[in-house]
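Structure, as structure tokens:
The values are calculated or read from the model by the stated rules, or taken from the named source; none is laboratory data. Since this is a predicted model, take the numbers as computed values, not measurements. Glycine gets a Cβ as well: all are built from the backbone with ideal geometry, and neighbour counts include every protein chain shown. Quick note on the areas: whole protein, heavy atoms, side chains included, nothing else; ligands and nucleic acids left out. Shrake-Rupley method; radii C 1.70, N 1.55, O 1.52, S 1.80 Å.
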Amino acid sequence: MQAWNIRQNIDYLLAIRDQLGPMYGSEDLCMLLYSLVRREQPQVVVELGTGLGATTAWIASALKELGDGCIYTFDNGSHFQDASVKSFLSKLTGPLHDLARLSQTGSYEECMAWIFDHAEVTERIKFVKGDIDFNARAVEAVAKGQKIDLLFSDFNHTPKTINQLLGAYLPYMNAMSSIYIDSASTYLPSYWMLDNLVRMLNAKRIPATLRQGLDSDQLTALKNLIDESSFQLVHLVEKAARSQNSTAWIRISTDDLLPAHATHVRA
Ligand SMILES: C[S@@+](CC[C@H](N)C(=O)[O-])C[C@H]1O[C@@H](n2cnc3c(N)ncnc32)[C@H](O)[C@@H]1O
């Protein structure tokens with residue numbers, strides 16, 4: 001049997017990108033994350049902030065093409081209740097016409113299930129409706145004993161939340177992995193904070209705020225990661241005057257003479 005390919009369901013995926021993406025300015029991010037997932041083949045992807053499922057569906061479609069990996073995505077559905085979101089959803093057309101109707105009466109979970117089913121990607125997604133929680137046990141449960149290859153945070157980009165996020169998740173990140181924090185690069189306090197933070201991590205120093213609340217195993221995992229890794233910060237900024245127009249990308253890779261993931265290197 002031929003492996004699944006996005007071409008088989010491209011009308012729904014494009015409608016999700018083009019009609020749902022603009023709610024959070026994530027049309028191009030869908031494509032970027034899709035391509036990066038195809039290239040780097042993460043096994044464990046965590047998304048904080050599902051929104052209307054646009055980025056989730058595109059990441060999951062790449063995982064489905066690869067035939068492996070899972071995206072764990074979390075949202076408490078708070079934004080879905082807003083009148084502005086309901087009004088936005090009521091105008092959906094074409095392949096998303098039935099979702100326009102469902103969104104006015106159905107629950108957030110029903111709408112997400114509709115989107116993921118029609119995109120044919122449900123099998124690669126674990127969607128959890130609930131508050132995003134940085135306590136160690138919650139993060140451990142998310143990771144389920146596995147290291148995380150790709151973390152995409154898209155619900156809050158203040159310096160305080162970013163510090164909590166990194167303190168909670170860095171001990172669970174894989175030696176070769178990526179963290180994307182949406183909107184952080186165009187929020188000046190977060191932009192400056194991330195630059196300083198990554199400089200400290202590369203100097204093998206752990207800011208006190210990152211240690212807060214970690215038990216000794218997590219602190220050891222964090223120290224090991226920082227000892228053995230390099231951190232690169234790339235500010236992916238959209239050339240567009242709208243909100244949510246950037247993503248801060250922290251690339252974690254093992255200190256080595258070869259580039260991350262390289263299997264064939266020409267000498
Ligand atoms: C910007 S949207 C996510 C967009 C989505 N990743 C995309 O690009 O298509 C942020 C989402 O985070 C959710 N959210 C905000 N604060 C939250 C919290 N404390 N716990 C869980 N979800 C939260 C909102 O309900 C909203 O749907």
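Can you work out the PRE-style zone for Ala260? Point 7 Å along Cα to Cβ, and I want the residues of the stretch 149-184 with backbone N under 17 Å.
Zone members listed by number: 149-153, 166-167, 169-182.
Please report the carbon-and-sulfur percent of the accessible area for the stretch 6-254; probe 1.4 Å, protein heavy atoms only, DNA, RNA and ligands left out.
Carbon-and-sulfur percentage of accessible area, whole number: 50.
Given contacts defined as C-alpha pairs under 8 Å and at least six residues apart, what's the relative contact order of the chain, whole-number percent?
17
What are the ³J(HN,Hα) couplings of the stretch 225-239, residue after residue, when phi is run through the Karplus curve with 6.51, -1.76, 1.60 and θ = phi - 60°? Round to Hz, x for glycine and proline.
4, 5, 4, 9, 10, 10, 10, 10, 10, 10, 8, 8, 10, 7, 8
Suppose all protein chains stay in the model; what accessible area per residue would a 1.4 Å probe give for the stretch 19-133, in Å²?
40
When Lys and Arg each count +1 and Asp and Glu each count -1, what net charge do the other residues less than 9 Å away from Glu27, Cβ to Cβ, add up to?
Local net charge: -1.
Could you tell me the distance between the Cα centroids of the stretch 170-216 and the stretch 35-60, to the nearest Å?
The two parts, judged by their Cα centres, are 21 Å apart.
Go through the stretch 105-111 residue by residue and turn each phi into a ³J(HN,Hα) via Karplus (6.51, -1.76, 1.60, θ = phi - 60°); whole Hz please, and just put x for glycine and proline.
Per residue, the Karplus-derived 3J(HN,Hα) values read 10, x, 7, 4, 4, 5, 5 Hz.
Treating cross-link reach as a plain straight distance, find the lysines whose alpha-carbon is under 29 Å from the alpha-carbon of Lys126, omitting any fewer than eight places away in the same chain.
Partners within reach: Lys64, Lys86, Lys91, Lys144, Lys147, Lys160.
So what's the net charge close to Asp227: Lys and Arg +1, Asp and Glu -1, counting the other residues with Cβ under 12 Å from its Cβ?
My count for the surroundings of Asp227 gives +1.
Report the far tail of the P(r) of the stretch 6-254, meaning the percent of Cα-Cα pairs longer than 22 Å.
53
Can you work out the Karplus-derived ³J(HN,Hα) for every residue in the stretch 30-44? Use 6.51 cos²θ - 1.76 cosθ + 1.60 with θ = phi - 60°, whole Hz, and x for glycine or proline.
4, 6, 4, 5, 4, 5, 5, 5, 4, 6, 9, 6, x, 8, 10
Between Val128 and Gln8, how many nm apart are label points set 7 Å from Cα along the C-beta direction?
Distance between the two pseudo-spin positions: 3.0 nm.
Roughly how many Å² of Met176 are accessible to a 1.4 Å probe, to the nearest 10?
That residue has around 50 Å² of solvent-accessible surface.
Would you rank Thr220, Thr105 by solvent-accessible area, highest first, keeping every protein chain in place and using a 1.4 Å probe?
Thr105, Thr220
Could you work out the local net charge near Arg205, counting Lys and Arg as +1, Asp and Glu as -1, over the other residues with Cβ closer than 13 Å to its Cβ?
Result for the neighbourhood of Arg205: +3.
Report the rotationally averaged projected area of the stretch 40-116 based on its alpha-carbon convex hull, in square nanometres.
Quarter of the Cα hull surface area: 5.3 nm².
Can you give the FRET efficiency for Ser90 and Thr220, using 1/(1 + (r/R0)^6), R0 = 45 Å, r = Cβ-Cβ distance, to the nearest 0.05?
It comes out at approximately 0.30.
Between Asp98 and Glu140, with labels modelled 7 Å along Cα→Cβ, what's the label distance in nm to one decimal, could you check?
The two pseudo-label positions are separated by 4.3 nm.
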